[in-house]
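Input: one structure, supplied below.
The values are calculated or read from the model by the stated rules, or taken from the named source; none is laboratory data. The structure displayed is predicted, hence computed values, not measured ones. Cβ: placed from backbone, ideal geometry, glycine included. Neighbour counts: every protein chain shown. Accessible surface areas use protein heavy atoms only, side chains included; no ligands, DNA or RNA. Shrake-Rupley method; radii C 1.70, N 1.55, O 1.52, S 1.80 Å.
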Amino acid sequence: MEEYHEGYEEEIDLAEEIDLLTNNNDDYAGVEEDLDEEGQMQLLILQQQQYAQEIPEVVKNFIIYFHRNILENNVYELHGIYENSFNRLTEKFYGKTPWPEADYIAPLVNDDQVFLTLYRELYYRHIYSKLTPAIEHRFHSYENYCDLFNFILNSDGPVSLELPNQWLWDIIDEFIYQFQSFCNYRSRLKTKTEEEIALLRDNIQVWSCYSVLNVLYSLITKSRITEQLLVSKHGGDMIEAAGEYGSRPLYKMLGYFSIIGLLRVHCLLGDYTLALKMMDNIELSKKALFARVTACHVTTYYYVGFAYMMMRRYADAIKAFSHILVFIARTKMYHTRSYQFDQINKKGDQMYALLTICIALCPTRLDENIHPHLREKYGEHLLKMQRGEEGLQTFEDLFLYACPKFISPNGPNFEDPNALTQTIEPHHHHAKIFLSEVRHQLLIPTLRSYLKLYTTMGIDKLSAFLDIDAETLRTQLLIVKQKSRQQKWTNGTLLEGEYVTTSDLDFCLKQDMIHIAESKVGRRYGDWFLRHINKFQDIIAGMDLRS
Amino acid sequence: MNNKSLLTPSPLIPPFRPEIIQSLIDGVDRYNPDNVSILEEYLGTQLQNEEYDLMANLAILKLYQFNPHLVNDLVINNILVKALTAIPNPDFNLCLYLLQEGALNDESIAKLILLQQSLEEARYQEFWETYEKDDAYRELTSEAIGFDTAIRKVILTAICMAYQSISADLLRLYLNFVNDDDGFEAFIQSRGLTIKDSVVIIPTNYDNEAKPTVIRENIKFEQLTKVIGYSNEL
């Protein structure tokens, strides 16, 4: 236990000095030794494989070309290499096997360590996405991220490396993904071998929460991104605000993406207020930097929406989900060919599920671009969710399908023999609390449907209709009232907002009499005309082209 | 006529928050386990002075989340007790989300959850019955000065949002003033309400007004820019 404390405290100190990563590498030596024997065996096997199966000529040429463009900081070419060539070659040669180990390609790139670190980033990412990472891969990939961030943060002065934004986003995204994946892996000791458990126990600092947060905060500090965002909002001297590091795109973007990364990490840990607080200096608008990388744009809104939902701010969540789902629907044709198409679609589908939960709890008119799809996909769910007790299961199903992969930050207690047979499942913890929230509101849809039919009604009469006693009805009415008020954002940071009415149905009680008022939405003539004027103009433009 | 809801979110920056706490929770210092005692002391002041600072209390739970060896069950209980007084704000659940899996089964926490459920579900009589039948409950809330009054305020707010007038007997039950007429009258008068013929009159406010409205569409200038553009082409 003592060692444990020390490790944490040490890391905290280093947070200020931003050289934690070197320290972690020192600690890591132990693992290398542990892995030694096994590692060498593997090396041998790999060597044999490599001799038998040489690296294909096109892959060799690709790596040489790749290396040259890294040296020349040719971001344009790197963009193509990263998004297209690498994926094409993966499909052709490495669908079921890993890319060649970095050591084998080292001679092709003059043993360029920076390139090899970047290459390993892709190498491990490919194993995570296409194959099953073994514990060694998890450890080595962590080590490689340490090398990479160490190089970026702790070189003498800013490094001259330049990478496409998409890749920079993917580095942060993958770093967090592997952290989350590791936490979940560590939580399931039941299926592990003794060696694996020993490795996990002896290397508690690998993929620890503190080390991950340190990287993200260090990138934010180094890039002075907060200062830069403040200047772009309030004006001032950008060059001075950005400083030596932050004026380089690599640092600026890594710092910015780290903010979004923290939004995600805090959601994974169930800290929804802190998650949204990370966004204090970022405005949710189309002009924001996150919109430059589609995957980042989608991630941002998914987590903002999710955090709002968990904070009972359903109206704000609906707004966030609607915004990004409209965006995905409109840009569908552009990203069908992107390598991230599947991922974006999956997130989109999850957000439809979350949106369904939100509108079940807070009935709202949706944007016409997404409403038909939601009805088609989740219409039946929505009906079930309004049927009281029996709808609870549907809430749970949708929640578990669409929630992020929550993590338990500390992993099992290795001292406790029981821990070896237990599996920690943080999503059940979150689902349970969220569902208790839903449970309060189960009767609301039924009650609403009755209230909509009347303008005044006695408590006795309505309770007879509903087959509940008068006191229960009073209680239910108080719940309806409270749930029809939500904290909603109007301006300022994402956490700000005031309570407003979010329901079209309102009522008041004068002793035993309910007085009901419904607000109606007037016809939207202007909107209708605008849409048709645009349509008409398109037809005319089309005719012009043809003639 | 007030056009703001009677409900207010727990403030992001309460006026009484000391400078040192502010800078602590704003920066990376919030992760430093050495600072937990400062935050715990601050919670102590909140309990004493009938104040409440959600963000600072969440910072304590965050440190506990990362450093299980620091966990102090008494502090967690007190944070949850304070969060009860903030209902219907989501604070109580926001705290629960930060606890470890399994914490929900802890005896004290389970008791507090029971209280939370009855408050959230507006079963106020049940709340008081539960609260009074077992001394363990009073013990749990004993460090929070003015807890009873704070809960009465929570309940009265919910009533004022829904009712324009309510039978005094019923309200007395909800507020747990059954055998204490003087206390009851003093309390509701301090909240600006009057009693007439055994009926408590609640002035209209944003929440209990219930006025039918028609929402008209609002076209912004930006929506018209394209159409204006077309007219230029003609």
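Select from the stretch B:198-234 the residues that are under 30 Å from B:GLU185 (Cβ atoms) and of a type in the set (D, E, K, R) and list them in ascending order.
Of everything in the stretch B:198-234, those that are under 30 Å from B:GLU185 (Cβ atoms) and of a type in the set (D, E, K, R) turn out to be B:ASP207, B:GLU209.
So if I check each of B:LEU112, B:LEU98, which one is farther than 24 Å from B:PRO15 by Cα, in contact with a Leu (Cβ under 7 Å, 6 or more places away or on another chain) and in contact (Cβ under 8 Å) with a residue 40 or more places away in the chain?
The unique qualifying residue is B:LEU98.
So, one more: Test each condition in (1) away from every other protein chain (no Cβ under 14 Å); (2) modelled with pLDDT of 95 or more for A:MET309 and report the one that comes out false.
Just one mismatch for A:MET309, condition (1).
Name the single residue that is farthest from B:ALA162 (Cα to Cα) among those in the stretch B:174-211 being touching a strand residue (DSSP E or B) at 6+ places or on another chain (Cβ under 7 Å) and hydroxyl-bearing (Ser, Thr, Tyr).
B:SER198
Return the only residue of A:ILE152, A:ILE197, A:ILE127, A:ILE172 being under 30 Å from B:PRO68 (Cβ atoms), at pLDDT 90 or above and not acidic (Asp, Glu).
Numbers: A:ILE152 fails: under 30 Å from B:PRO68 (Cβ atoms); A:ILE197 fails: at pLDDT 90 or above; A:ILE127 fails: under 30 Å from B:PRO68 (Cβ atoms).
Of the residues listed, the single one that is under 30 Å from B:PRO68 (Cβ atoms), at pLDDT 90 or above and not acidic (Asp, Glu) is A:ILE172.
Same structure again: Counting just the residues of the stretch A:517-547 that are facing chain B (nearest Cβ under 7 Å) and more than 18 Å from B:GLU222 (Cβ to Cβ), which one comes out most open to solvent (accessible area, probe 1.4 Å)?
Step one: of the stretch A:517-547, the residues facing chain B (nearest Cβ under 7 Å) are A:517-522, A:524, A:526-527, A:530, A:533-534, A:537.
Going one step further and asking which of them are more than 18 Å from B:GLU222 (Cβ to Cβ), we end up with A:517-522.
On the way: A:ALA517: 6, A:GLU518: 51, A:SER519: 21, A:LYS520: 119, A:VAL521: 80, A:GLY522: 18 Å².
Out of the qualifying residues, it is A:LYS520.
Those residues that are among the acidic types (Asp, Glu) and either part of a helix (DSSP H, G or I) or over 15 Å from the mean Cα position of the chain (by Cα) (or both), I need them from the stretch B:117-129; list them, please.
B:GLU120, B:GLU126, B:GLU129
What number goes with the only condition from (1) more than 7 Å from every other protein chain (Cβ to nearest Cβ); (2) surrounded by 15 or more Cβ atoms within 10 Å (Cβ to Cβ); (3) free of Cβ contacts under 8 Å to residues at least 12 places away in the same chain; (4) within 21 Å of B:ASN208 (Cβ to Cβ) that A:GLU471 does not pass?
Result: A:GLU471 fails condition (2) only.
Shifting gears a bit: Under 8 Å between Cβ atoms, at least 6 apart or on separate chains: pull out the pairs that start in the stretch A:170-192 with a residue that is part of a helix (DSSP H, G or I) and end on any residue that is of a type in the set (Gly, Ala, Ser) and open to solvent by 30 Å² or more (accessible area, probe 1.4 Å).
none
Here's something else I'd like to know. Just name the residue that is farthest from B:VAL200 (Cα to Cα) out of those in the stretch A:502-514 that are open to solvent by 50 Å² or more (accessible area, probe 1.4 Å) and within 9 Å of chain B (Cβ to nearest Cβ). If you could, list the steps in order and put the result at the bottom.
Looking only at the stretch A:502-514, we keep the residues that are open to solvent by 50 Å² or more (accessible area, probe 1.4 Å), and these are A:504, A:510-513.
Okay, now just the ones that are also within 9 Å of chain B (Cβ to nearest Cβ), so A:504, A:510-512.
Details: A:ASP504: 28, A:LYS510: 10, A:GLN511: 9, A:ASP512: 13 Å.
That would be A:ASP504.
Oh, and also: Can you name every residue in the stretch A:205-219 that is within 23 Å of the chain's Cα centre (by Cα) and open to solvent by 20 Å² or more (accessible area, probe 1.4 Å)?
A:TYR217
Now for a separate question. Do you know which residues across the stretch B:129-163 are within 14 Å of chain A (Cβ to nearest Cβ) and not small (Gly, Ala, Ser)?
Within the stretch B:129-163, B:GLU129, B:VAL154, B:ILE155, B:LEU156, B:THR157, B:ILE159, B:CYS160, B:MET161, B:TYR163 qualify.
Being at the interface with chain B (Cβ under 8 Å from one of its Cβ atoms) and of a type in the set (A, V, I, L, M) is the filter here; which residues of the stretch A:492-501 pass it?
A:LEU495, A:VAL500
Turning to a different aspect of this structure: Can you pull out the residues in the stretch A:168-191 that are more than 15 Å from A:ILE407 (Cβ to Cβ) and under 16 Å from the mean Cα position of the chain (by Cα)?
Of everything in the stretch A:168-191, those that are more than 15 Å from A:ILE407 (Cβ to Cβ) and under 16 Å from the mean Cα position of the chain (by Cα) turn out to be A:LEU168, A:TRP169, A:ASP170, A:ILE171, A:ILE172, A:ASP173, A:GLU174.
Kindly indicate which of A:ARG439, A:ARG485 is within 9 Å of another protein chain (Cβ to nearest Cβ), surrounded by 19 or more Cβ atoms within 10 Å (Cβ to Cβ) and either of a type in the set (D, E, K, R) or over 27 Å from B:SER10 (Cα atoms) (or both).
Of the residues listed, the single one that is within 9 Å of another protein chain (Cβ to nearest Cβ), surrounded by 19 or more Cβ atoms within 10 Å (Cβ to Cβ) and either of a type in the set (D, E, K, R) or over 27 Å from B:SER10 (Cα atoms) (or both) is A:ARG485.
Right, another one. Report, by residue number, each residue of the stretch A:445-461 that is open to solvent by less than 20 Å² (accessible area, probe 1.4 Å) and within 28 Å of A:GLN393 (Cβ to Cβ).
Scanning the stretch A:445-461 gives A:LEU447, A:LEU451.
Give the residues of the stretch A:263-301 that are outside any loop (DSSP other than H, G, I, E, B), more than 20 Å from A:ASN491 (Cα to Cα) and either open to solvent by less than 10 Å² (accessible area, probe 1.4 Å) or within 14 Å of chain B (Cβ to nearest Cβ) (or both), sorted by residue number.
Residues satisfying the conditions are A:VAL265, A:HIS266, A:CYS267, A:LEU268, A:CYS296, A:HIS297, A:VAL298.
Follow-up. Tell me which residues, restricted to the stretch A:442-453, are within 11 Å of another protein chain (Cβ to nearest Cβ), in a loop (DSSP other than H, G, I, E, B) and under 15 Å from A:SER484 (Cβ atoms).
Hit for the stretch A:442-453 is A:LEU443, nothing else.
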